[in-house]
1. In Å, the Kirkwood hydrodynamic radius of segment 70-135 over pairs of distinct alpha carbons?
2. How large is the accessible surface per residue of the chain, computed with a 1.4 Å probe and reported in Å² as a whole number?
3. How far is it, in nm, from the label point at residue 79 to the one at residue 13 when both lie 7 Å from their Cα along the line to the Cβ?
4. Please state the charge dipole magnitude for segment 19-135, taken about the Cα centre, from unit charges on C-beta atoms (+1 on K and R, -1 on D and E), reported in debye and rounded to the nearest 20.
5. Using a Förster radius of 22 Å, what is the FRET efficiency between residue 92 and residue 1 based on their Cβ-Cβ separation? Nearest 0.05, please.
6. Running Debye on the chain with equal point scatterers at the Cα sites and no solvent, what base-10 log of I(q)/I(0) appears at q = 0.08, 0.18, 0.19 Å⁻¹?
7. List the trypsin sites (Lys or Arg not before Pro) within segment 1-74 that fall in a DSSP loop (any state other than H, G, I, E or B) and whose Cβ has at most 16 other Cβ atoms within 10 Å.
8. Using a 1.4 Å probe on the protein chains only, how many percent of the accessible area of segment 1-98 belongs to carbon and sulfur?
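The values are calculated or read from the model by the stated rules, or taken from the named source; none is laboratory data. Since the model is a prediction, treat every value here as computed from it, not as a measurement. Reconstructed Cβ throughout: ideal geometry from the backbone, glycine too, with neighbour counts over all protein chains shown. These accessible areas exclude ligands, DNA and RNA; they are computed on the full protein's heavy atoms, side chains included. Shrake-Rupley method; radii C 1.70, N 1.55, O 1.52, S 1.80 Å.
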Amino acid sequence: MFDNVFVNPEAYRSFLETGTWPDKTVIALEAREARSKSSINQSGHFQAGDVMELEVHVKDEARFPGKWAFFSFDSTAGNGTLIPQGANCYSCHAARAAVDTTFVRFYPTLLPVAQKKGTLSRSFLEEEAAASPTK
């Protein structure tokens, strides 16, 4: 699958300025089928077909315990379902996220911003240091 990540423009601009996500950030994760060897694309991969999975991560400090909530969607046309706070996604994001419960390590345009702004979490920095080869 290919993952596509979308964020509301105001939150993106704020992240570029501050290295953190402002209140009311909405991040959507869309997964699509990956295919290869079609037409002129014989050695790479490309996205095809319908959305296979859709999840949304919402920051609303007044509404959600822990400031963030996750929603899953059965289709792109319907409303999402709030994932309960006890679900594994919350503890994993809290423990391993690079910035404010988000995995900016997988977003090559955002990780350098967080590095420059000094907003990477301690747990992320420790995990990266432990994974680095020793010289």
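1. 13.7
2. 65
3. Calculated label separation equals 3.0 nm.
4. Roughly 440 debye, rounded to the nearest 20.
5. My answer for the efficiency is 0.75.
6. So the normalised log intensities are -0.26, -1.11, -1.18.
7. The qualifying sites are 24, 63, 67.
8. About 52 percent, which is the carbon plus sulfur part of the accessible surface.
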